[in-house]
Every structure is written in C-alpha cells, then in structure tokens.
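Here the structure is laid out as structure tokens; the discussion comes afterwards.
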Amino acid sequence: MSKFVSAITRVTIKAQAKAKSVWARILTAGLLSAMAAKPALADLPTVEGPTSSGTGTGLMGTVSGHIQDGLVLAGLVTCGFAFFKVAEASIVTFAEVRNDRASWSKFGAIVVIGVVMLVAVIWLLGKSAEIIA
C-alpha cells in the first residue's frame, strides 16, 4: 500500500508543479500583453509627406506625391542599371584587349560612348524629374 501512496503522492506533486507552471505562464503572457498594449509615449517626429508636390491636398494629393517619388526612384534605378552595364562592357572589352582579341581603340570607344550614354541618362533623369514634379 505504501508504494501506491508514494506513487499517488509523486503524481500529485507533479500535477501541482505543472499547475503552478501553467499559471505562471498565463500570468507572464497576461503581463506581457498588457505592457505591449500601452503606448510607448515617445516623442516621435511627425511623418513627412512626399517630397514631390502633389496635385491637391488630402489623401489623393499624398498618393499622387508618392507616385511621383516612385517614378523618380525608378529612373534612378534605371540610371544605376545603365552604369553597371557600361562598367560590364568596359571590363569585358578590357579582358579581350588583354587576350589580344580586341584593340585598344575598341576599348576607348566603348568607354567614351559609355560615359556619354551615362551623362545623357542622368540628364534625362533630371529633366523627367522636373517634368513629373
């Protein structure tokens, strides 16, 4: 009989420990959710609107300004892509020159045309930003 009582006592102690653990977890989750629900009360800066001037005020003006900013950003990405393509062509041509498959004049022509193309893309990007804004 004592083995049976000791087994029941062990089960009871484990059940009490588990119940305490469950209540501790519930209390911890409740405290954390209560703390997370309160505002931080930080002195945050105000949200800036788009840098481009919108066509109006309110929500539609803000959306219009963000679309204009997105178009300018897409132009900048295009300009960056053009820069990498010019650099790639220059590096490939330089490797061909080093392997005696191309001449230095071809390398110079690619570099000069690439620089002119980059200047034209940047100029067109500036003009388009003025027109969009």
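The values are calculated or read from the model by the stated rules, or taken from the named source; none is laboratory data. Since we're looking at a predicted model, the values are computed, not measured. Don't worry about glycine lacking a Cβ; one is built from the backbone with ideal geometry, like all the others, and counts go over all protein chains shown.
Restricted to the range 80-106, and to residues that are under 25 Å from Trp123 (Cβ atoms) and surrounded by 14 or more Cβ atoms within 10 Å (Cβ to Cβ), which residue is farthest from the chain's Cα centre (by Cα)? Reasoning before the result, please.
Initially, the range 80-106 is screened for residues under 25 Å from Trp123 (Cβ atoms), giving 80-91, 93.
Now drop any that are not surrounded by 14 or more Cβ atoms within 10 Å (Cβ to Cβ), which leaves 82-83, 86, 89-90, 93.
On the way: Ala82: 22, Phe83: 22, Val86: 26, Ala89: 29, Ser90: 30, Thr93: 34 Å.
Only one residue tops the list, namely Thr93.
On the basis of being at positive phi and at pLDDT below 90, does Leu41 make the cut? Working first, answer last.
Working: at positive phi: yes; at pLDDT below 90: yes.
For Leu41, the condition - at positive phi and at pLDDT below 90 - is met.
Conditions (1) outside any helix (DSSP H, G or I); (2) modelled with pLDDT under 70, marked per residue:
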position	(1), (2)
Val5	no, yes
Lys18	no, yes
Leu27	no, no
Gly54	yes, yes
Cys79	no, no
Phe84	no, no
Ile91	no, no
Phe94	no, no
Arg101	yes, no
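Whether any residue in the range 80-88 is among the β-branched types (Val, Ile, Thr), in contact with a Lys or Arg (Cβ under 8 Å, 6 or more places away or on another chain) and farther than 24 Å from Glu48 by Cα is what I want to check. Give the derivation first.
The initial filter retains those residues of the range 80-88 that are among the β-branched types (Val, Ile, Thr), namely 86.
In the following step, the residues that additionally are in contact with a Lys or Arg (Cβ under 8 Å, 6 or more places away or on another chain) were identified as none.
No, every residue in the range 80-88 fails to be among the β-branched types (Val, Ile, Thr), in contact with a Lys or Arg (Cβ under 8 Å, 6 or more places away or on another chain) and farther than 24 Å from Glu48 by Cα.
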